[in-house]
Amino acid sequence: MHGPESVTSSTATTKSGFVEAGGYALEYTFEPPASADAPVILLLHEGLGCAQLWGGFRTALAEATGAGAFAYSREGYGASSPIQLPRPLDYMRQHVRDVLPDVIAGIDATRILLVGHSDGATIAALYATAKPDPRVCGAVLIAPHFFVEDFSIREIAKTKVAYETTDLRAKLARWHKDVDGAFRGWNDVWLNPDFGAALEMREELTGFRIPVLGMQGDADQYGTLAQIDVLESSIGAAGGHFERVILPGIQHSPHREAPSETIAAIKGFLDRLP
């Protein structure tokens, strides 16, 4: 990060701190690139994730690719500024419009690869299709959501029960300073019957002007391969570049369940980018 609005600390390599973006103080962790001209990978987390939940994947990805790896927690997650509930149904679009541009503006790199997981993949897609950003050279979308599926809603409803009746809340509280805000800000929106109209972005997927890698486990409990299928067909119809990786037996989090395969796929994709 650079600029007067960032506050940092560092170890021998890793840098961390808070950056002001969209009126929020957002925590971040940054593995610097191996060389000044290497790209930076921007990691966008899932609906219950945060910067710290990328864990060792972030450092392993940086080491394997030579790229920098920048992870941040969106507003309401991790140690970032809290939010007021309820979140608006278009919270992902609002983040893309009001917050993410400030985050990206603060990354000191000439080439940025977006790597998003779940909600983070949707946010990456919304940003990349909204308007061309000359520094964004590609996007890796892991287990993305472009439209609501009944299959997903049933699983998210089960997660609500688990949060209220098991130790899930205590586990999440290790990662989020406002755990109820983080959970309800995600869960309440997804279970709102009007959320489908706010999320729907299939018609926007033809707007990609950068290469895209779509990744998903074929045992994903939060979405079917229809999400990857519509991404592939939309980019193909627009004459864009699309690569597809489906991981057998893997559920919703390939970077945790199959980190080696996920890193290899991202590295290969990054190496092939112009």
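Using a simple spin-label model with pseudo-atoms 7 Å out from Cα toward Cβ, Ala105 and Asp218 lie 4.5 nm apart. Here's how it looks for Gly68: its modeled amide H is under 5 Å from those of Ala34, Val40, Ile41, which are all 5 or more places away or on a different chain. Here the simple spin-label model places points 7 Å from the Cα toward Cβ, and for Ala130 and Ala264 these points are separated by 3.6 nm. Take each peptide in 203-211, 41-49, 138-146, count the other Cβ atoms within 10 Å of every residue, and average; sorted highest first, the result is 138-146, 41-49, 203-211. Less than 13 Å Cβ to Cβ from Met92, Lys/Arg counted +1 and Asp/Glu -1: what total charge do the surrounding residues give? Once positives and negatives cancel, what remains is -3.
Which percentage, to the nearest 5, of the DSSP beta bridges contained in the chain is antiparallel?
The antiparallel fraction comes to roughly 40 percent.
Put simply, the C-alpha atoms of the stretch 1-144 give a gyration tensor, and the ellipsoid matching it has half-axes of 21, 17, 15 Å, longest first.
Net charge near Ile250, counting Lys/Arg +1 and Asp/Glu -1 over other residues with Cβ under 12 Å of its Cβ?
Details: positive: Arg256; negative: Asp218, Asp220, Glu257, Glu261.
The answer is -3.
The relative contact order of the chain comes to 18 percent, based on Cα pairs under 8 Å that sit 6 or more residues apart. Residues whose amide H falls under 5 Å from that of Ala25, counting only those 5 or more places apart or on a different chain, are Ser81, with hydrogens built in the peptide plane. The residue among Gly223, Ser73, Thr122 whose Cα reaches farthest toward the positive pole of the charge dipole of the chain, with charges on the beta-carbon of Lys, Arg, Asp and Glu, is Ser73. Modelled spin labels at Glu155 and Ala237, positioned 7 Å past Cα toward Cβ, are 2.5 nm from each other. Across bins of 5 angstrom width beginning at 0, how are the C-alpha pair distances of the chain distributed, in whole percent? Pair shares across the bins are 1, 6, 13, 18, 20, 19, 13, 7, 2, 0. Per-residue Karplus couplings for the stretch 198-213, computed as 6.51 cos²θ - 1.76 cosθ + 1.60 with θ equal to phi - 60°, are listed in order as 6, 7, 2, 9, 4, 5, 7, 5, 6, x, 5, 10, 10, x, 10, 10 Hz, Gly and Pro entered as x.
Each value in this text was obtained by applying a stated rule to the coordinates, not by laboratory testing. Predicted model only: the values in this text are computed from it and were never measured. All Cβ positions, even for glycine, are placed from backbone atoms using ideal geometry, and neighbour counts span all protein chains on display.
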